[in-house]
1. Could you work out Rg/(2.2 N^0.38 Å) for the range 32-121, with Rg from alpha carbons only?
2. Only counting other Cβ atoms within 10 Å, I'd like SER65, SER190, SER261 sorted with the fewest neighbours first.
3. Please work out whether the range 148-228 counts as rounded, prolate or oblate from its C-alpha gyration tensor, where a ≥ b ≥ c are the square roots of the eigenvalues and a/c under 1.5 means rounded, while otherwise a/b larger than b/c means prolate and anything else oblate?
4. Output ³J(HN,Hα) for the range 173-184: one whole-Hz value per residue in order, computed from phi by the Karplus curve 6.51 cos²θ - 1.76 cosθ + 1.60 with θ = phi - 60°, and x for Gly and Pro.
5. In the range 161-201, which trypsin sites (Lys or Arg not before Pro) are in a loop and have at most 12 other Cβ atoms within 10 Å, using DSSP for the loop call?
6. With r defined as the distance between the Cβ atoms of VAL90 and LYS264 and R0 fixed at 35 Å, what FRET efficiency is calculated, to the nearest 0.05?
7. Go through LEU151, THR263, SER234 and say which Cα lies farthest out towards the positive end of the charge dipole of the chain; charges sit on Cβ, +1 for Lys and Arg, -1 for Asp and Glu.
8. Can you count the Lys pairs in the range 206-280 whose Cα atoms are under 24 Å apart, with each pair 8 or more apart or on different chains?
Amino acid sequence: MTNQIPEITLHDGIRIPAVGFGTYKLKGQQGVQAINTAITNGYRLLDTAYNYENEATVGEAVRRSSVPREELVITSKLPGRYHHYDDAIVTIQESLLRANLDYYDLYLIHWPNPIQDNYVEAWQALIDAQRFGYIRSIGVCNFLPEHLERLENETGVLPTVNQVELHPRFNQSEQLKWDTNNRIVTESWSPLSRASDLLQDEILQKIAEKHHKTISQIILRWHYQLAAVAIPKSASPVRQKENISIFDFELTDEEMTMINSLTKPDGRLKDQDPAVYEEF
Ligand SMILES: NC(=O)c1ccc[n+]([C@@H]2O[C@H](COP(=O)([O-])OP(=O)(O)OC[C@H]3O[C@@H](n4cnc5c(N)ncnc54)[C@H](OP(=O)(O)O)[C@@H]3O)[C@@H](O)[C@H]2O)c1
């Protein structure tokens, strides 16, 4: 039986699943197999990036799947080294060619790189790429309120999605609030904190026992109740299923507060603060 994942509607009317599938590190034939299995297991939102060097892997998994292309929400991302307008347009075309797709459902600026300060130019390229039919919905990753405000002030267009590092050790409560107030959907990258020792946390273990669920399922349910779209990656078919079997129970307000209490100001996995960190 496939798992039915609820959908949410972005501010441009595009609908996306409330949980997606991360593909970082899934490459080659094994990657095709893992992503294809994820689709069979019920995932419909796939998250890749130009810099993961696996857009072709994702495209092949989609082609081998019996699920029609139009039922999938395929995401890719623009690398920091291609923020200049002409480079960005060609890179989006290259992304499509690599995946052998006619369009992406979502295309995101991967990092703002504010020291380079070319992200508004990159955003203008995404706006135009959407007009050209290359992309259905346009968004960003790792943008802070100050970056989002500039996009709106200089182009009049706010992203539909802001994909940020978000897990119980770094719950992004302020950014999440800002995004929500501006009708931007927050997606959570490294939602399981990359399977760190968080998956042995005693508080989470107690909550998991109470609900007869695993710690990963508790964390992913927490994301869902925060209205953040988690995109867990797993190469394992068993864990892929586990990660979307989260729609048959509910965390109480008290449990949500307990999980939020695990957050720390320095809780990022690798100290990648988008105000200063840049990625190319
Ligand atoms: N926009 C950005 O800047 C950015 C940055 C980082 C990541 N991302 C995206 O976010 C996606 C997810 O983040 P991530 O891959 O960094 O980390 P993650 O999804 O938090 O964790 C992945 C790790 O958790 C393990 N895992 C998955 N499900 C599990 C379960 N139920 N129980 C125990 N272990 C489990 C996986 O191992 P197995 O594969 O062996 O199951 C893998 O080692 C990425 O794949 C990528 O698409 C975006």
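Any read-out appearing in this document is the output of simple, stated calculations on the displayed coordinates, not a laboratory observation. Quick caveat: nothing in here was measured; it's all calculated off a predicted structure. Glycine gets a Cβ as well: all are built from the backbone with ideal geometry, and neighbour counts include every protein chain shown.
1. Numbers: Rg = 13.9 Å, N = 90, 2.2 N^0.38 = 12.2 Å.
Computed over Cα atoms of the range 32-121, the ratio equals 1.14.
2. Values: SER65 17, SER190 23, SER261 11.
Fewest-to-most ranking of SER65, SER190, SER261: SER261, SER65, SER190.
3. Details: a/c = 3.55, a/b = 2.73, b/c = 1.30.
Prolate is the answer for the range 148-228, as a/c is 1.5 or above and a/b outweighs b/c.
4. Coupling constants for the range 173-184: 4, 5, 5, 4, 5, 4, 4, 4, 4, 10, 6, 9 Hz.
5. Answer by residue number: ARG183.
6. Values: r = 41 Å, r/R0 = 1.18.
Given R0 = 35 Å and the Cβ-Cβ separation, E is 0.30.
7. Working it through, the farthest residue towards the positive pole turns out to be SER234.
8. Working: LYS206/LYS241; LYS206/LYS264; LYS210/LYS241; LYS213/LYS233; LYS213/LYS241; LYS233/LYS241; LYS233/LYS264; LYS233/LYS270.
Value for the range 206-280: 8.
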